[in-house]
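Student: Before we start, here is the structure in question, set down as structure tokens.
Just so it is clear, none of the values below were taken in a lab; they were calculated from the coordinates. Please read all numbers here as calculations on a predicted model, not as lab measurements. FYI the Cβ positions are ideal-geometry reconstructions off the backbone, even for glycines, and counts take in every protein chain you see.
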Amino acid sequence: MRPNGAGGAAADVRPFYVVSDVHLGAVPPTTERAFRRFLEHVGTAASGLLINGDLFDVWLATRHFVVRHHVRVLAAVADLVEGGVPVYFVGGNHDAQEFGGAMLRDELGVTLLDEPARVTLAGRRTLVMHGDGVWPAPQGYPRYRKRHPILRSRAFRAAAERLAHVDRIYDRVAAWSGTRAFVARHARGESTGPKPAAAPIEAWARAALAEEPELRLVLAGHSHLPACVEVSPGRFYLNTGDWIEHMTYAVLPPAGGAPALQRWISGSVCAASPAVLGPPPVR
């Protein structure tokens, strides 16, 4: 597959953007507003956008209903597509495609990618995964181990499609996800704890680059820890971080240039690299 603006027939001098782990529904309204401004920026600055999982902390939608919390963000995504900026979506562990991918595709025009996705982005062969499938939760995360299979089961999905139009049901499921506790700790200026998924995901990315010589880039999210590592000359592992703490996203220059991480702060772009990101702002 060759996404538009990312190596297609018509040369586009604009970069391609990648974002993940925004966790809308768990983050405060200020973050959601900032993300909408980011989407507006994408509309003028980017050739395309890949959302690599966990855009929503909980995502329940069909053709017949959409949880009211996210209407403005969905409208902004639709505006991008209608404006000629293609949007691609890989489901994460919080917003699996089974729970609303068809709505994103059929109603908004978003292109769904099944992971692991091998695509050409801005002139470079790229492997894309959210990352939850790479890193099975260890014994220290019993809530995740017990809840994740339930939340992605066919029975739960069937029940959710019948009940999710009741916003109280949505709110209870969102509270059950556990993300809001991380957001609350960050808001208090406390540490959100270690990022145990980071090392296994990077190890997987390095192995993929070693096993597939044609790959120039491996993209992941899930760990909530931004990273841009040149594993070998011209070949990168990039993790887009999150919008709970870091508000980071990836910029892929056209014609295969070196990728970079940037941070979105107060409606503006802050150039960044893993070495200079520093502690994220507490909003």
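Student: Which FRET efficiency value, to the nearest 0.05, do you get for residue 206 and residue 82 by plugging their Cβ-Cβ distance into 1/(1 + (r/R0)^6) with R0 = 30 Å? Let's see the in-between values first.
Tutor: Working: r = 39 Å, r/R0 = 1.30.
With R0 = 30 Å, the Cβ-Cβ based efficiency is 0.15.
Student: What order, most packed first, do the peptides 215-222, 253-260 have when packing is the mean number of other Cβ atoms within 10 Å of each residue? It would help to have the intermediate numbers written out before the result.
Tutor: Numbers: 215-222: 26.0, 253-260: 16.4.
Highest to lowest by the protection proxy: 215-222, 253-260.
Student: Given labels modelled 7 Å from the Cα in the Cβ direction, how far is it in nm from residue 232 to residue 12?
Tutor: That separation, rounded to one decimal, is 3.0 nm.
Student: Taking 0.36 nm per intervening residue step and subtracting the Cα-Cα distance, what contour gain separates residue 75 from residue 33 on full extension? Mind showing how you got there, number by number?
Tutor: Values: separation 42, 0.36 × 42 = 15.12 nm, distance 1.29 nm.
So the chain would gain 13.8 nm between residue 75 and residue 33.
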